[in-house]
1. Expressed as a whole number of Å, what is the distance separating the alpha-carbon centroids of the range 328-353 and the range 84-110?
2. Return the whole-Å distance between the Cα centroid of the range 129-158 and the Cα centroid of the range 247-276.
3. Go through 602-610, 378-386 and give me the packing order, highest mean Cβ count within 10 Å leading.
4. Which of the residue pairs Lys262/Lys519; Lys170/Lys408; Lys364/Lys522; Lys259/Lys593; Lys257/Lys643 have a Cα-Cα distance greater than 32 Å in the structure shown?
5. Using just the helices of the chain, give the 222 nm mean residue ellipticity in deg cm²/dmol: DSSP H runs with n ≥ 4 each add -39,500 (n - 2.57), and the total is spread over all residues, rounded to 500.
6. Out of all DSSP beta bridges with both ends in the chain, state the antiparallel percent to the nearest 5.
7. Under 15 Å from the Cβ of Val454, count the other residues' Cβ atoms, weight Lys and Arg +1, Asp and Glu -1, and hand me the total.
8. Which order do Arg251, Arg655, Arg521 fall in if you start with the one that has the fewest other Cβ atoms within 10 Å?
Amino acid sequence: MVLNPKFKQVFILSTAMLTFISFWKAAAVVLCDMGSSAFYAGGIAMNAFGPAFPWYILAVMIFSGLMLMVYVESCAMFVRGGVYKVVNEAMGHSMAKISVSALIFDYVVTGPVSSVAAGLYVSSLLYSLMPLLHINWHVPPNLFAVFFAVAVTAYFWRENIKGVEESTDKNFKIMMFVTAVGAVLILWSLYTVYVRGFKLPPLTLKFTPESLGWMANFPYLQTIGLVGIFMAFGHSILALSGLETLAQVYREIEDPKIKNLKKAALTVFLFSIIFTGGLTFLASSIIPPDLIGGKYLDNLLSGLALELQGPYWARLILQSFVVVSGSLMLVGAVNTALVGSNGVLNRVAEDGILHDWFRHLHTKYGTTYRMINMVAITQIGVIILSRGNIYLLGEAYAFGVLWSLVFKTISMIILRFREDLPREWMFPLNIRMEKAYFPVGMILVCLILITASVVNLFTKRIATISGISFTLVFFAIFQISEKMNRKKAMFYAQNENPEEKLNLRRATDIVTVIPELDKPRKILVPVRNPNNLLHLLSVLETADDTTTDIVVLLAKISKGVESLGESDTIMIEDQELFRSVVLMAEKYGKTVKPLLVFSNDPFYSIAQVAQAAGADEIVMGVSGSTGAEVQLERLAMAWGMLKKADVPAKPLLARVVWEGRQMTYQLS
């Protein structure tokens, strides 16, 4: 006799219900980070080596196209193709821990440099507006920037504790506003250049004692032109931010993923060339050199708006829009830094190299608040210690950017020879060898990165000392944590309450979940084994995400009806299965809705969920123990039980899929 269980517990894995985004929105997320550097990179480079700075900012933007291609190849290999994943695959845990430590330093400084830059821009606007209101405003810009930056960081600290994540819609709207303001600024600048004439910036480098750092002790090296070029390039590299954000957002890009990833990368590259490179050149041509190095050193684009050809009131309005748009981007980068660092720390926690103390969840919001606290407190400390010195923050920021890119690129080169993994796209300029493609192009990029990184070590004393110290401290934390967690499972969230860590929510019955399935077509995909998901793959490859709900069902067998209560929990093997499902869905850019139910008869559960959801099709994987024919027979019997119970059942197609074959049966 087949029992008719009523599901007393239905679990919905909310973390897996990804909403996939267009390449436009993915590019907007990256540009909210990378594009923000346009507001401070030029001034920092000017402070380091003089009026030649536009050439090197443009060179960095061109170089960003090469690094974007490196990231496209890594994402083509790994859905989560960030620094930690790639370095871990290529060079092992130890080097991965060092690379991720440098990456965390990058995130820790991203927040302060962005928030302080925003504060300096707001301060510049106040100095323009307050006299018109007859207010005597003499607050030092750096002091105002420190208070502004601390307030912004504290706000996003609180928001991230509550679990507020980045919104791609907000980023997209911000970028649309910034693009509109940038277009006006560029067109007005071109008109000004037409009226006044255009002068190319000089190529001569004039390093200050501060920007020479320890290199001042090696005067003979300064006579070598190439050394000076790499020194200037290293002082401009902070404009190259946001690449790791591309790797993080790739998992959410809609199908076809690689095609859309390449479109997003191209969009980011073109915007960076025009917005960051173009505006920096125009600013150097329009603003007098003494003002670039003085009044507008910390707010270059704000100064550009004020120095344009036209009435003062119109220029003041444009300055206001520039400051507002810039502040939105810069403040958004603060949130990106907190979200990104928390995401990276949670990712490494999955591999058991971060102690449980850091992974403790907030009792009310369920977020890893201790990780967020650690990053936010460090950021506030950096802001206060910097005293609003944007040059100092920018130099430190370049350390994390460069070294994380070095580790990433070296790892990609190693993987060309170590693993013959399928790649949907490869960095250009390769020589075919026996079993691999020799990456000539990527090696050249790597040589540039390594040279710039080594030169930076000698030219940036404070950044080198602080960056290496920070990296070593975090590496020590990872080492100690890994030893303490060696015998624990590699999943983050594996302790007393795994359901909470997986962000599972309970429902009293399957009917309560049905309103979430609002697409015209519905496919139910039962799963049991993470190594037998060929049937899910076939659905992900063919289903139209815009019109089809893909419901992935794990019908977990309980030992009798009496056990169908609060005692049922999510086990390690269930987590492994759901993790495999999520990774596969991310790879194909399709939304899945994973459900877990407890039942004494899995086939009846499959039929019952299909009937309740109004499924058009059931796609099962073949069972090695029973075979496809027996599976369809048992499903047909369960379907018949529903009809005998006078439960209206919509006709549907049942399929069992295995490699190269399938068996179908019409359930009516």
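1. Here the answer is 13 Å between Cα centres.
2. 34 Å
3. Details: 602-610: 24.4, 378-386: 19.2.
Listed from highest to lowest mean packing, they are 602-610, 378-386.
4. The answer is Lys364/Lys522; Lys257/Lys643.
5. Working: 24 runs with 393 residues, N = 668.
Using -39500 (n - 2.57) per qualifying helix, the result is -19500 deg cm²/dmol.
6. Within the chain, antiparallel bridges account for around 40 percent of the total.
7. Details: positive: Lys460, Arg461; negative: none.
Result for the local shell: +2.
8. Working: Arg251 21, Arg655 18, Arg521 14.
Arranged by neighbour count, lowest to highest, Arg251, Arg655, Arg521 become Arg521, Arg655, Arg251.
None of the figures in this text is laboratory data; all of them are computed from the coordinates on show. Fair warning: this is a prediction, and the values are worked out from it, not measured in the lab. All Cβ positions, glycine included, derive from the backbone under ideal geometry; neighbour counts span all protein chains shown.
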